[in-house]
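Reviewing the structure listed below.
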Amino acid sequence: MIAQTLKWVGDVNGFLELIDQRRLPGEFVKLQCRNTEQLYEAIKTLAVRGAPAIGVSAAYGVVLGMQKLTEADNVERRLEVLAKSCKYLALSRPTAINLFWALDRVRKSAEEFVAGKPDAKLPALREAVLTEANAIYQEDVEMCRRIGENGEKFIKPGAGILTHCNAGALATAGQGTALSPMFEAHKKGRKFKVYSDETRPLLQGARLTAWELKQAGIEVVVICDNMAGCVMKQGHINAVITGADRIAANGDTANKIGTYSLSILAREHGIPFYIAAPSSTFDLSIKSGDEIPIEQRADEEVTTFGKTQIAPDGVKVYNPAFDVTDASNITAIITEKGIIENPCTDSISKHLRF
Ligand code: MRU
């Protein structure tokens, strides 16, 4: 069974229902977001997380924003609320490009609707925004499935696969990116073992990836982040597959902190290193990974473990949520369109054009 991470409930007056990922695996609880403020908070605090899921949720966040309008609001006011909702939600997290991609797409489609039908009544505009958000949702489901179909060949019978953080169904509207090839290989009856890094400080690997894979009946072994090198040296890993939060034009890839170290370890041990991501994760407006904004998160995420303090009061902390893996360390990027071997500016632009 694959989790349904987010769901729009009802018509344009409805709400966004999310699995509250802060509480997994201990509790399976749904969270209802009924306004943009609640959704902003849900994204910021990682109730919903993972680049594609953040993007799809934000698209529905614009639908929530438009619920503030009344029939008395004129076209200027409608466009103002639209722009404000997008701007506000864009501040929730800085690294995953899918957030900005989805918000831009909803805003542009609503602006085009207004330009084409300036006399349309408010319900028609709100309906158009919901339709666009639904399209983004459906496309994500489809892209995830195709990433799985394109990538399952990298999971050989009996293989050991290492993954980091969570790039599964919980991180998307569909069956995930990095985990999608695993779900497809499993469907074909292939046996393999997944090593899931715990992923300090927020433990997405231990809490979420292990939960998802267990639910799906895929063998999963949780390891601490600092065990990856040892496990590779012992010969347990045949491939590393992770997701991505933003891929620059040259293939440099931002993903959860720790991904870069894994790419170095994989290279050292001669293990192929794959990134799985939909085309909505590419940012061709930036040349290299140096330009990717990296989110810095609260000190407490590092100085506490659950509710237990594990570092002295007042100690200095550095807590970047993501790092950038150089394109030269990436064997291939798996997208919904196919495989980009040895990613570079040229191969990426050709791949995305088709
Ligand atoms: O901070 P998070 O949990 O949102 O980080 C998520 C990741 O780093 C994922 O690997 C990435 O978003 C890809 S999700 C398909």
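The values are calculated or read from the model by the stated rules, or taken from the named source; none is laboratory data. The structure displayed is predicted, hence computed values, not measured ones. Here the Cβ positions follow ideal geometry from the backbone for every residue, glycine too, while neighbour counts run over all protein chains shown. When the accessible area is computed, the model is the full protein with side chains, heavy atoms only, and any ligands, DNA or RNA have been set aside. Shrake-Rupley method; radii C 1.70, N 1.55, O 1.52, S 1.80 Å.
Show log10 I(q)/I(0) for segment 31-83 at q = 0.16, 0.29 Å⁻¹, two decimals, from a solvent-free Debye sum over equal Cα scatterers.
-0.50, -1.09
When Lys and Arg each count +1 and Asp and Glu each count -1, what net charge do the other residues less than 12 Å away from MET66, Cβ to Cβ, add up to? Walk me through the numbers on the way to the answer.
Working: positive: LYS68, ARG77, ARG78, LYS84, ARG107, ARG126; negative: ASP73, GLU80, GLU127, GLU132.
Residues near MET66 contribute +2 overall.
Roughly how many percent of the accessible protein surface of segment 153-353 is carbon and sulfur, given a 1.4 Å probe and a whole-percent answer?
Of all accessible area on segment 153-353, carbon and sulfur atoms account for 52 percent.
Given LYS87/LYS108; LYS84/LYS108; LYS193/LYS256, which pairs have Cα atoms separated by over 19 Å?
Beyond 19 Å: LYS193/LYS256.
I'd like the distance between the alpha-carbon centres of segment 290-354 and segment 174-213, rounded to an integer number of Å.
So the two Cα centres are separated by 18 Å.
What are the chymotrypsin sites (Phe, Trp or Tyr not before Pro) within segment 292-340 that DSSP puts in a loop, where the Cβ has at most 14 other Cβ atoms within 10 Å? Walk me through the numbers on the way to the answer.
Numbers: sites: PHE305, TYR318, PHE322; in loops: TYR318.
Passing both the DSSP loop test and the Cβ count: TYR318.
When ligands, DNA and RNA are left out and all protein chains stay put, how many square angstrom of accessible area per residue does segment 174-262 have with a 1.4 Å probe? Display every interim value, and only then the final one.
Numbers: 3020 Å² over 89 residues.
That works out to 34 Å² for each residue.
About its Cα centre, what dipole magnitude does segment 6-146 give when the only charges are +1 on Lys and Arg Cβ and -1 on Asp and Glu Cβ, stated in debye to the nearest 20?
Here the size comes out at about 380 debye.
Hey, which lysines would be in cross-link range of LYS307, C-alpha to C-alpha under 20 Å, not counting anything within fewer than 8 residues on its own chain?
Correct list for LYS307: LYS44, LYS316.
Just in segment 90-184: which trypsin sites (Lys or Arg not before Pro) are loop by DSSP and have at most 14 other Cβ atoms within 10 Å?
LYS121
Pick from PRO201, PRO293, PRO118 the residue whose mean-square fluctuation is largest in a GNM of the chain, springs joining Cα atoms under 10 Å.
Per the Cα network of the chain with a 10 Å cutoff, PRO118 tops the list.
Give me the Kirkwood hydrodynamic radius of segment 225-354 in Å, from all C-alpha pairs, to one decimal place?
15.9
Kirkwood Rh, Cα Rg: Rg to Rh for the chain?
In the chain, Rg relative to Rh is 0.98.
What are the GluC sites (Glu not before Pro) within segment 1-51 that DSSP puts in a loop, where the Cβ has at most 12 other Cβ atoms within 10 Å? If you can, show how the numbers build up before the last one.
Details: sites: GLU17, GLU27, GLU37, GLU41; in loops: GLU27.
For GluC sites (Glu not before Pro) across segment 1-51 that sit outside H, G, I, E and B with at most 12 neighbouring Cβ atoms in 10 Å, the list reads GLU27.
Convert each backbone phi in segment 24-31 into a coupling constant with the Karplus relation 6.51 cos²θ - 1.76 cosθ + 1.60 (shift: θ = phi - 60°), then list the ³J(HN,Hα) values in order as whole Hz, x for Gly and Pro.
Working through the residues one at a time gives 7, x, x, 10, 9, 10, 9, 10 Hz.
Hey, got the Cα dimensions of segment 6-146 along the principal axes, in Å, largest first?
50, 31, 27
What net charge is computed for the residues neighbouring ALA159, neighbours being all others with C-beta under 12 Å from the C-beta of ALA159, Lys and Arg scored +1, Asp and Glu -1?
Numbers: positive: LYS153, LYS156, ARG190, LYS191, LYS193; negative: GLU152, GLU219.
The answer is +3.
Looking at this model, which pairs from LYS7/LYS187; LYS156/LYS233; LYS153/LYS191; LYS7/LYS191; LYS187/LYS350 are more than 22 angstrom apart at the alpha-carbon?
As for pairs spanning more than 22 Å Cα to Cα, those are LYS7/LYS187; LYS7/LYS191; LYS187/LYS350.
Between ASP245, ASP104, ASP313, where does the largest GNM mean-square fluctuation fall for the chain, given springs only between Cα atoms within less than 10 Å?
Sorting by GNM fluctuation, first place goes to ASP313.
Would you calculate a helix-derived [θ] at 222 nm for the chain, using -39,500 (n - 2.57) for each DSSP H run of n ≥ 4 and dividing by the full residue count, to the nearest 500?
That comes out to -12000 deg cm²/dmol.
Check GLU219: other-chain or 5+ apart residues with amide H under 5 Å from its amide H, H built from backbone geometry?
For GLU219, the qualifying residues are PHE192, VAL194.
So how exposed is MET66, as accessible area in Å² (1.4 Å probe, rounded to 10)?
Taking all protein chains as shown, MET66 has close to 0 Å².
In whole Å, how far is the Cα centre of segment 57-95 from that of segment 103-153?
15
In degrees from 0 to 90, rounded to the nearest 10, what is the angle of the helix 97-116 Cα long axis to the longest principal axis of the chain?
20
Find out how many positive minus negative residues lie around GLU219, taking Lys and Arg as positive, Asp and Glu as negative, among other residues whose Cβ is under 10 Å from that of GLU219. Present the calculation step by step, with values, prior to reporting the outcome.
Details: positive: LYS191, LYS193, LYS214; negative: none.
Net charge in that neighbourhood comes out at +3.
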